[in-house]
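Worksheet for the structure shown next.
Throughout, read-outs are computed from the coordinates displayed, never taken from laboratory work. Owing to the predicted nature of the structure, the values given are computational and were not obtained by experimental measurement. Counting neighbours? That spans all protein chains shown, and the Cβs are built from the backbone with ideal geometry, glycine included.
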Amino acid sequence: MLAGLYGYIADLSEGVLMTLSLTFSSLLVGTIIAVIGTLLLTVKYKSVYWLVKCYLTLFTGTPLLVQIFLIYYGSGQFEWLKESRAWVLLSEPWFCAVLALSLNCGAYTTLLFHGALSSINRGQWESCQSLGMSHSQTLKVLMPYALKRAYPAYSNEVVLLLKGSSLASTITIMDIMGWSQRINAQTYDTLMVFGAAGLLYLLLNLIITVFMRLFEKRLLAFEQV
Amino acid sequence: MNAIVESLLLASTITIGLAVTSALVGMVLAIILALLESTAIKWVNHLTKLFIMLLRGLPELLVVLLVYFGLSQLIFIITGQFVEISAFFCGVLALSTIFAAYVSQILRGALQAISPGQWEAGQALGMGQLTIFFRLILPQVWRHALPALGNQWLVLLKDTALVSLIGVNDIMKQAQLAAAATWEPFNWFLAAALIYLVITLVSQYGLKKASLYVTRFERGGH
């Protein structure tokens with residue numbers, strides 16, 4: 001039984017790289033989106049504010065699966081899109097999955113960062129103002145502080161993203177989940193195959209969590225005085 | 001066209017039914033898990049902790065597929081007979097277990113947030129254990145747990161989309177069928193997204209009202 005499990009883990013490990021590439025590409029893009037989104041939310045223009053709010057509501061209020069299908073299958077509906085240059089990217093499942101995952105992760109992370117930024121003591125904003133700092137200068141001082149404070153919740157977001165990346169298997173991507181579904185269909189040895197996939201996901205989650213914890217200690221060292 | 005819209009709306013009731021059933025079953029499971037985790041028997045609460053940790057680390061899609069395909073295999077191994085299990089049942093089982101893993105932690109946290117002095121105060125007033133729990137402790141537990149519970153409900157609502165992949169006829173499945181039938185995938189998936197959005201927004205409104213209600217004494221109103 002253990003030999004069987006080991007064999008399946010070896011088979012599924014072909015998908016590990018794909019899962020990791022999906023997760024970390026989306027994490028990178030999502031974090032950039034989140035930083036920009038957070039900055040935009042502090043801007044005084046009402047229209048910009050509402051635009052970002054709409055994006056957040058749309059992507060946090062609907063299932064990730066719908067978002068993936070909307071981007072991958074939905075883009076095929078428009079002839080003009082098919083004839084444009086963007087089609088090279090949009091016909092690529094990997095690109096669509098990363099786009100959906102980044103937009104999704106970006107929305108949740110924006111909420112996280114924005115929450116951290118608004119939880120900073122009012123006094124800090126006021127002291128920046130009284131020093132004669134402009135809006136952008138103030139943000140330059142307070143943003144790093146807010147981002148560090150948001151870090152523990154952010155590591156949770158990484159785990160959610162890794163789990164969410166399994167949905168990419170629904171648009172033909174062969175990640176861990178994709179391979180396990182294929183092998184399951186070939187062997188009908190469901191419990192073992194999905195058990196092996198589960199072990200791989202747990203292992204990846206464990207590694208990520210341990211690394212994030214180690215990093216957290218250094219990042220938040222300034223609070224442990 | 002109208003028929004498709006109608007079936008999409010009908011499918012919405014299936015999604016809501018699935019979410020509500022999973023939430024109710026999940027709530028019962030969560031209470032059981034929370035109790036098992038706080039028993040005095042060491043191995044029971046270690047085992048429960050491990051179970052919860054495993055569930056939280058697994059992708060939701062994997063859990064749904066594991067329950068759906070794995071359950072019939074398990075029955076086959078035990079009884080030697082092939083039994084087809086309804087996808088809706090498997091969906092509820094998977095979603096409620098995932099829900100319970102998160103909610104049990106919320107409940108435990110909320111219970112611990114209430115100081116033991118409250119129990120003692122109840123005893124000093126001559127109340128029984130059950131009365132103390134239901135009249136004194138539980139109303140305060142809600143106050144602590146409601147925001148996190150509400151969040152978990154919204155997560156559950158979005159996770160229900162996964163059961164379309166095992167064949168439950170929910171919003172997502174209907175949108176897929178409509179997309180294939182009309183060659184208009186964008187319109188139908190957008191429609192599905194908007195329905196989910198409406199359900200989410202209505203839930204958020206309700207949760208806001210509920211949290212105002214459970215904190216009414218704190219805020220000084222009566």
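Details
- Calculated FRET efficiency for the pair A:V48/B:K208, C-beta based, R₀ 22 Å, to 0.05: 0.30
- Listed residue (B:F82, A:V52, A:L167) projecting farthest to the positive dipole end of the protein assembly as shown, Cβ model: A:V52
- Taking 19 Å as the straight-line reach from the Cα of A:K44, the lysines in range (excluding those fewer than 8 positions away in the same chain) are A:K53, A:K140.
- For the residues A:A197, A:A185, A:A150, a GNM of chain A with alpha-carbon springs under 10 Å puts the largest fluctuation on A:A185.
- Counts of other chain beta carbons within 10 angstrom of each beta carbon in peptide B:50-57 average 3.
- Where the alpha-carbon atoms of segment B:42-158 are placed on the principal axes, they occupy 59, 31, 24 Å, in descending order.
- For the residues A:F113, A:F194, A:F78, a GNM of chain A with alpha-carbon springs under 10 Å puts the largest fluctuation on A:F78.
- Note on the protein assembly as shown: with charges restricted to the Cβ of Lys and Arg (+1) and Asp and Glu (-1), its dipole about the Cα centre is near 1500 debye.
- Take every Cα pair under 8 Å whose residues are at least 6 apart in sequence, average their separation, divide by the length of chain A, and the relative contact order is 33 percent.
- Sequence ranges B:67-77, A:206-216, ranked by mean other-Cβ count within 10 angstrom, highest first: B:67-77, A:206-216
- If only the Cβ of Lys and Arg carry +1 and only the Cβ of Asp and Glu carry -1, the dipole of chain B around its Cα centre is close to 700 debye.
- Residue of B:I137, B:I195, B:I41 that the Gaussian network model of chain B assigns the largest fluctuation, springs spanning Cα pairs under 10 Å: B:I41
- Charged side chains reduced to their Cβ positions (Lys and Arg at +1, Asp and Glu at -1) give chain A a dipole of some 860 debye around its Cα centre.
- Cα-based helix-to-principal-axis angle, A:46-60 vs chain A, degrees rounded to 10: 30 degrees
- Segment B:35-109 - Rg and Dmax from Cα coordinates, angstrom: 14.5, 43
- Net charge of Cβ neighbours under 15 Å - reference A:N104; Lys, Arg +1; Asp, Glu -1: -1
- Translational diffusion of segment B:2-214 was estimated from the Stokes-Einstein equation, with Rh taken as the Kirkwood radius over Cα pairs; at 37 °C and 0.692 mPa s the coefficient is 169 µm²/s.
- Projected area, mean over directions - chain A, Cα convex hull, nm²: 16.1 nm²
- Overall form of the protein assembly as shown per C-alpha gyration tensor (a/c, 1.5; a/b vs b/c): rounded
- Mean per-residue shielding of peptide A:183-193 is 3, counting Cβ atoms of other chains within 10 Å of each Cβ.
- Cα-based helix-to-principal-axis angle, B:87-112 vs chain B, degrees rounded to 10: 20 degrees
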